[in-house]
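Working notes for the structure below.
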Amino acid sequence: MEQITTAEATGDRTDDMFSHSVVTGEAVLACQNVTKEFSVAGGKIVAVDDVSLQFPAGSVLAVVGESGSGKSTLARMLLRLMPVTSGSITYRDQDVTRLHGRQLRGYWREVQAVFQDPFASFNQFFTVGSLLRRSLHLTEVPKDEADDLIEQCLGYVDLTPDEAMGKFPHQLSGGQRQRVMIARALMMKPTVLLADEATSMLDATLRVNVLNVLHDLKHDLGLTVLFITHDIGQACYLADRVAVMEHGRVVERGTTEEVIFDPHGDYTKRLLSDVPDLKGSLKRSA
Ligand SMILES: Nc1ncnc2c1ncn2[C@@H]1O[C@H](COP(=O)(O)OP(=O)(O)OP(=O)(O)O)[C@@H](O)[C@H]1O
Ligand SMILES: [Mg+2]
């Protein structure tokens with residue numbers, strides 16, 4: 001396949017800032033036979049059990065499953081926040097489990113994450129402006145370019161500097177706070193954005209708003225998005241492909257349409273039965 005940039009690959013409104021050299025459609029991130037065991041009183045838990053997944057560049061993969069199915073444990077291993085018990089994780093031909101030093105810091109810049117509770121990630125005494133500027137201290141972005149980059153990234157999540165920069169966290173809505181956290185992640189110019197229950201604490205309207213922002217980031221910037229949720233409705237609204245986890249294992253995988261219209265497993269059918277109008281309200285057009 002021809003080597004093209006993710007930005008070039010995704011249509012009209014692309015941005016040079018994100019023109020990493022990635023072959024669109026090929027797996028930018030992948031895990032192979034990944035298992036995670038935890039030792040607990042009286043034995044061990046297999047939280048993630050022999051999971052193999054691929055994350056094609058410039059697409060959204062949703063990992064969906066009920067509480068305790070192993071989604072966040074998988075995410076933490078992918079983010080190299082936790083070692084694997086066995087298996088391998090590959091990012092652009094690099095063995096993630098063996099990265100260290102400068103390479104690991106580079107990985108942590110290119111694979112950014114947004115979690116459930118944006119409020120917990122804020123220092124309440126800093127304005128959004130100082131939070132974002134402080135994040136850039138860790139990068140090589142020159143000071144005189146920092147505000148332009150911040151403004152650009154706020155724009156990607158539909159916030160103006162006036163709406164956000166001078167505000168303290170409690171002065172923003174939950175959806176605005178989550179969008180600020182996405183903007184902060186984007187400032188690192190990531191290739192992959194991992195969102196673990198990033199919309200779970202939001203009410204329905206704000207949730208759709210953040211889902212649409214994530215959709216647009218894939219479309220406009222060619223970002224690869226890993227969207228983790230317990231809600232198969234949200235997964236199908238946003239994702240190109242869906243993987244369903246149960247008790248640490250991937251029990252179903254396919255395109256969103258395949259999973260909705262032709263689910264194989266009883267577990268997937270049960271999750272789908274909780275969202276009766278899903279077929280009618282299939283995801284927004286790409
Ligand atoms: N550090 C740990 N030590 C022991 N057990 C753990 C640890 N972290 C997670 N677990 C267990 O691993 C299993 C999977 O947990 P995980 O947090 O990955 O699930 P999840 O799918 O993200 O759930 P939720 O939807 O509630 O966030 C659970 O049984 C959990 O109790
Ligand atoms: Mg979780």
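The values are calculated or read from the model by the stated rules, or taken from the named source; none is laboratory data. Note that the structure is a prediction, hence the values are computed from the model and not measured. Cβ sites come from the backbone with ideal geometry, for glycine too, and all protein chains shown count toward neighbours. Note: accessible area is taken over every heavy atom of the protein model, side chains too, but ligands, DNA and RNA are not part of it. Shrake-Rupley method; radii C 1.70, N 1.55, O 1.52, S 1.80 Å.
Among the candidates A113, A146, A120, single out the residue that is crowded, with 16+ Cβ neighbours inside 10 Å and closer than 30 Å to G248 by Cβ.
On the way: A146 fails: closer than 30 Å to G248 by Cβ; A120 fails: crowded, with 16+ Cβ neighbours inside 10 Å.
Only one candidate qualifies: A113.
Note down all Cβ pairs under 8 Å where the first residue falls in the stretch 45-72 and is on the phi > 0 side of the Ramachandran plot, the second is in a strand (DSSP E or B) and away from ligand 1 (no atom under 14 Å from the Cβ), and they're at least six residues apart or on different chains.
D50/N33; D50/G87; G58/T224
What are the pairs, 6+ residues apart or on separate chains, where a residue within the stretch 74-86 that is free of Cβ contacts under 8 Å to residues at least 24 places away in the same chain has its Cβ under 6 Å from a residue that is among the hydrophobic types (A, V, I, L, M, F, W, C)?
Listed by first residue and then by second, the contacts come to R76/M82.
Would you check which residues across the stretch 111-152 are of a type in the set (D, E) and more than 16 Å from ligand 1 (Cβ to nearest atom) and list them?
Listed by number, the residues that qualify are E140, D144, E145, D147, D148, E151.
Scan (1) among the aromatic types (F, W, Y); (2) at pLDDT 95 or above; (3) under 19 Å from the mean Cα position of the chain (by Cα) for the single condition F38 breaks and write down its number.
Every listed condition holds for F38 apart from (3).
Here are some conditions: (1) open to solvent by less than 70 Å² (accessible area, probe 1.4 Å); (2) without any contact (Cβ under 8 Å) to a residue 60 or more places away in the chain; (3) within 16 Å of ligand 2 (Cβ to nearest atom). T139 meets all but one. Which one does it not meet?
(3) is the only condition that T139 fails.
Could you grab me the full set of residues in the stretch 87-108 that are open to solvent by 40 Å² or more (accessible area, probe 1.4 Å), touching a residue at least 60 places away in the same chain (Cβ under 8 Å) and part of a strand (DSSP E or B)?
Result: T90, single match.
Quickly run through the stretch 40-69 and pick out the residues that are open to solvent by less than 10 Å² (accessible area, probe 1.4 Å) and within 12 Å of ligand 1 (Cβ to nearest atom).
V48, V51, V63, V64, G65, S69
Hey, could you check the stretch 70-83 for residues that are near ligand 1 (Cβ under 9 Å from one of its atoms) and in a loop (DSSP other than H, G, I, E, B) and say which is surrounded by the fewest Cβ atoms within 10 Å (Cβ to Cβ)?
Taking the candidates together, the pick is M82.
So that you can scan it fast, the table gives a plain yes or no per residue for (1) assigned to a helix (DSSP H, G or I); (2) away from ligand 2 (no atom under 16 Å from the Cβ):
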site	(1), (2)
A185	yes, yes
Y237	yes, yes
V244	no, no
V250	no, no
G254	no, yes
